[in-house]
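Contents: one structure, followed by commentary.
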Amino acid sequence: MIIANVMTRNPIFVSPDMSVNDARALMTREKIGKLPVLDKNNRLVGIVTKKDLVKAGPSAATSLDMYEISYLLSKLKVETVMERNVLTVQQTEVVEEAARIMADSQVGCLPVMKGDLLVGIITETDLFRTFVDMFGARHDGIRGTFQVEEKPGMIAQVSKAIADANGNIVSLVTFDGDDLSQRRCTVKVTGVERSTFEEILRNSTLEIEDIR
């Protein structure tokens, strides 16, 4: 799956000279926490998050009153608080690479580019939605988790047994097993009873971890 299929398209953005107050109001109104920053030539020059805006405010120990604080924030521009070294991905990149970059760099989103043009943004929420879809969480069915030997044909063997029982696989996800010789799989199927599905797995001499 590529990023273009899961990203939020045409994201809301701000300019570097927008006030921090206006950026905060925009985030509140649109219920978002991240805003790409584009200059007058529509080039990506930064990104500002709700956390950046909170840090830009005065500390609780300030002696300023609320009117003075509001005035100062109205003069403070986005360009003074935004992150300038922005990590980005191209829209043709795969989703798992975006997730890896976000996890390794500890960032909550990535602007998505088509060449030098901003065309979208991928956030943790987009990845969670993809995760839900990958596991078929919105589909009814029987879900089984098991380990198979890490060798060709093992998953095909299970898939054929399910098809022979008139079952339909709506989700199949694999992970690393307990050691290099094993692969952990989660499969969700429809069209078969739980007892039939369990029998298929047992007849395939698989190590069943969970069925529900």
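The values are calculated or read from the model by the stated rules, or taken from the named source; none is laboratory data. Just so it is clear, the model here is predicted, and its values are computed rather than measured. Cβ atoms come from the backbone with ideal geometry, glycine included; neighbour counts cover every protein chain shown. Please note that ligands, DNA and RNA were not included when accessible areas were found on the heavy atoms of the full protein model with its side chains. Shrake-Rupley method; radii C 1.70, N 1.55, O 1.52, S 1.80 Å.
Pull up region 171-197, narrow it to residues that are more than 17 Å from Ala156 (Cα to Cα) and in a strand (DSSP E or B), then point me to the one that is least open to solvent (accessible area, probe 1.4 Å).
The extreme case among them is Thr190.
From the set of residues in region 112-126 that are closer than 16 Å to Ile3 by Cβ and either without any contact (Cβ under 8 Å) to a residue 60 or more places away in the chain or in a loop (DSSP other than H, G, I, E, B) (or both), which is least open to solvent (accessible area, probe 1.4 Å)? Can you show your working first?
Here is the first cut: in region 112-126, the ones closer than 16 Å to Ile3 by Cβ are 112-115, 117-126.
Filter once more, so that each one left must be either without any contact (Cβ under 8 Å) to a residue 60 or more places away in the chain or in a loop (DSSP other than H, G, I, E, B) (or both): 114-115, 124-125.
Values: Lys114: 124, Gly115: 43, Glu124: 90, Thr125: 83 Å².
Taking the candidates together, the pick is Gly115.
Could you check how many residues of region 126-178 are closer than 30 Å to Cys109 by Cβ, touching a Ser or Thr at 6+ places or on another chain (Cβ under 9 Å) and among the hydrophobic types (A, V, I, L, M, F, W, C)?
Summing the residues that are closer than 30 Å to Cys109 by Cβ, touching a Ser or Thr at 6+ places or on another chain (Cβ under 9 Å) and among the hydrophobic types (A, V, I, L, M, F, W, C) in region 126-178 gives 7.
If you check Ile200 against the conditions, is it open to solvent by less than 60 Å² (accessible area, probe 1.4 Å), over 27 Å from Met1 (Cα atoms), at pLDDT 90 or above and touching a Lys or Arg at 6+ places or on another chain (Cβ under 9 Å)?
Details: open to solvent by less than 60 Å² (accessible area, probe 1.4 Å): yes; over 27 Å from Met1 (Cα atoms): yes; at pLDDT 90 or above: yes; touching a Lys or Arg at 6+ places or on another chain (Cβ under 9 Å): no.
For Ile200, the condition - open to solvent by less than 60 Å² (accessible area, probe 1.4 Å), over 27 Å from Met1 (Cα atoms), at pLDDT 90 or above and touching a Lys or Arg at 6+ places or on another chain (Cβ under 9 Å) - is not met.
Name the residues in region 23-49 that are assigned to a helix (DSSP H, G or I), of a type outside the set (Gly, Ala, Ser) and surrounded by 14 or more Cβ atoms within 10 Å (Cβ to Cβ), would you? It would help to see each step written out before you state the result.
Going residue by residue through region 23-49, those that are assigned to a helix (DSSP H, G or I) are 23-30.
Restricting the remaining residues to those that are of a type outside the set (Gly, Ala, Ser) gives 24, 26-30.
Result: Arg24, Leu26, Met27.
Matching residues to (1) aromatic (Phe, Trp, Tyr); (2) open to solvent by 70 Å² or more (accessible area, probe 1.4 Å):
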site	(1), (2)
Leu110	no, no
Phe131	yes, yes
Phe135	yes, no
Glu149	no, yes
Ser159	no, no
Asn168	no, yes
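Restricting to region 10-22, and then to whatever is at pLDDT below 95 and outside any loop (DSSP other than H, G, I, E, B), can you tell me which residue is most open to solvent (accessible area, probe 1.4 Å)?
Restricting to residues being at pLDDT below 95 and outside any loop (DSSP other than H, G, I, E, B), the top hit is Asp22.
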